[in-house]
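**Student:** Pasting a structure below so you can have a look.
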Ligand code: HEC
């Protein structure tokens, strides 16, 4: 782009951003659970979980002796936070970690501990599974 056009397009861009947020059209932070709080997807999440995750992470996501981590514990730290805004921020961070873990799988020292799910599960399926996990009774002792 010719140099003299830069400031104008920059201004236009900023205007569009300001206009967008004035209309309340701010995009949600990328990588977070857009289905959070939607209880209608829990049953679908339960089915996907059973089919794809249960063999390693435990039946019904409540088995504390499963070979893989108990996924209900992903949010333990966030649950202990008192400030609601901080708690949301914390949960969004865990969403991103969860999404990355599921999409990329887990490989350590060249050994695949969990296969990657990207392309095999849609984002909606991945978030339905997360809603299902969050609907499970809390692990004991409560952590
Ligand atoms: C073949 C067994 C296996 C399957 C199937 C599997 N996982 Fe995993 N998963 C693991 C293991 C083992 C780890 C821990 C690996 C590590 O930390 O190196 C893990 C880690 C994770 C983590 C990170 C947990 C943490 O505490 O850091 C998430 C999130 C996760 N799995 C979600 C899922 C979901 C959702 C499914 C189903 C779509 C699934 N996994 C299917 C074995 C599996």
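**Student:** Determine, yes or no, whether residue 96 is within 20 Å of residue 116 (Cα to Cα), part of a helix (DSSP H, G or I) and touching a residue at least 60 places away in the same chain (Cβ under 8 Å).
**Tutor:** Values: within 20 Å of residue 116 (Cα to Cα): yes; part of a helix (DSSP H, G or I): yes; touching a residue at least 60 places away in the same chain (Cβ under 8 Å): yes.
So residue 96 passes the test.
**Student:** Could you check how many residues of the range 111-131 are more than 9 Å from the ligand (Cβ to nearest atom), part of a loop (DSSP other than H, G, I, E, B) and within 13 Å of residue 52 (Cα to Cα)?
**Tutor:** 2
**Student:** Checking residue 136 against (1) at pLDDT 95 or above; (2) touching a helix residue (DSSP H, G or I) at 6+ places or on another chain (Cβ under 9 Å): exactly one of these is not met. Which one?
**Tutor:** (1)
**Student:** Exactly one of (1) surrounded by fewer than 16 Cβ atoms within 10 Å (Cβ to Cβ); (2) more than 13 Å from the ligand (Cβ to nearest atom); (3) at negative phi is unmet by residue 100. Its number?
**Tutor:** Among (1) surrounded by fewer than 16 Cβ atoms within 10 Å (Cβ to Cβ); (2) more than 13 Å from the ligand (Cβ to nearest atom); (3) at negative phi, the lone unmet condition for residue 100 is (2).
Let's see how each residue does on (1) modelled with pLDDT under 95; (2) closer than 18 Å to residue 33 by Cα; (3) out of contact with any strand residue (DSSP E or B) (no Cβ under 7 Å at 6 or more places or on another chain):
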residue	(1), (2), (3)
63	yes, no, yes
70	yes, no, yes
73	yes, yes, yes
80	yes, no, yes
85	no, yes, yes
94	no, yes, yes
97	no, yes, yes
108	yes, no, yes
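**Student:** Could you please find all residues in the range 32-41 being farther than 10 Å from residue 130 by Cβ, assigned to a helix (DSSP H, G or I) and in contact with a helix residue (DSSP H, G or I) (Cβ under 8 Å, 6 or more places away or on another chain)?
**Tutor:** Selection gives 39 alone.
**Student:** Within 13 Å of the ligand (Cβ to nearest atom) and either under 18 Å from the mean Cα position of the chain (by Cα) or surrounded by 18 or more Cβ atoms within 10 Å (Cβ to Cβ) (or both): which single residue out of 108, 46, 91, 36 fits that description? Working first, answer last.
**Tutor:** Values: 108 fails: either under 18 Å from the mean Cα position of the chain (by Cα) or surrounded by 18 or more Cβ atoms within 10 Å (Cβ to Cβ) (or both); 91 fails: within 13 Å of the ligand (Cβ to nearest atom); 36 fails: within 13 Å of the ligand (Cβ to nearest atom).
Answer to the check: 46.
**Student:** Another one. If a residue must be assigned to a helix (DSSP H, G or I), within 8 Å of the ligand (Cβ to nearest atom) and out of contact with any helix residue (DSSP H, G or I) (no Cβ under 6 Å at 6 or more places or on another chain), how many such residues does the range 55-80 contain? Outline the logic, then answer.
**Tutor:** Going through the range 55-80, the residues assigned to a helix (DSSP H, G or I) turn out to be 55-57, 59-61, 71-80.
Those left that are additionally within 8 Å of the ligand (Cβ to nearest atom): 55-57, 71, 73-74.
Checking the rest, the ones that are also out of contact with any helix residue (DSSP H, G or I) (no Cβ under 6 Å at 6 or more places or on another chain) come to 55-56, 73.
Of the residues in that region, 3 qualify.
The values are calculated or read from the model by the stated rules, or taken from the named source; none is laboratory data. Just so it is clear, the structure is predicted and the values come from calculations on it, not from any experiment. Counting neighbours? That spans all protein chains shown, and the Cβs are built from the backbone with ideal geometry, glycine included.
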